[in-house]
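Encoded as C-alpha cells, the structure appears first; notes follow it.
Each value in this text was obtained by applying a stated rule to the coordinates, not by laboratory testing. Please read all numbers here as calculations on a predicted model, not as lab measurements.
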Amino acid sequence: MSWPEVRASRLRKSAGRDDRIVRDFDRAVNMTPQALEKWLGTNPASGHWSAQRILEIKRKKPADYTAEDYSHMRKVSAYVKRHGAQRPEGDQRETPWRYSLMNWGHDPLK
C-alpha cells in the first residue's frame, strides 16, 4: 500500500471513530443548551465545569471540534453511562444522583 493510500485509510478510520464519539455524546447529553444553562443558573453545585464545557462544544460546528472536544465528549459519554447505571430506587427527582448527571448534561428523568 502506498503512503497516500495508508494516510487515506487512517483518515477514514479516524473519521469513523470521531462520528461514533459524537453520536455517543449526543445520546448521553439529553438536555438542550437552554435547559443546561437554566440548570447552571439555579443549582450551585460542583461539576459545573463539565456543563460549561458541554455548552461550548454544543455551540460549535462539528467541523470545528478539536482533539480536546473529542476527549471531553468521550469523558461525558463514559460518565453518563457509568453513573447512570447506579440508579437509586424510589423517587429520583431531587437526588444527588440526578443532580450529578445533570451537571454532565444528562437528565435521567427525560
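Grouping the Cα pair distances of segment 39-110 into 10 Å bins from zero gives a pair-distance distribution of 18, 49, 27, 6, 0 percent in increasing distance order. What the phi angles of segment 68-76 give under the Karplus curve with 6.51, -1.76 and 1.60, with θ = phi - 60°, is a coupling list of 5, 4, 4, 4, 5, 4, 4, 4, 4 Hz, glycine and proline written as x. The gain in end-to-end length when the residue 56 to residue 75 segment is fully stretched comes to 5.3 nm, 0.36 nm per residue minus the alpha carbon separation.
Close amide H partners of residue 107, meaning residues 5 or more places away or on another chain with modelled amide H under 5 Å apart, are 30, 31.
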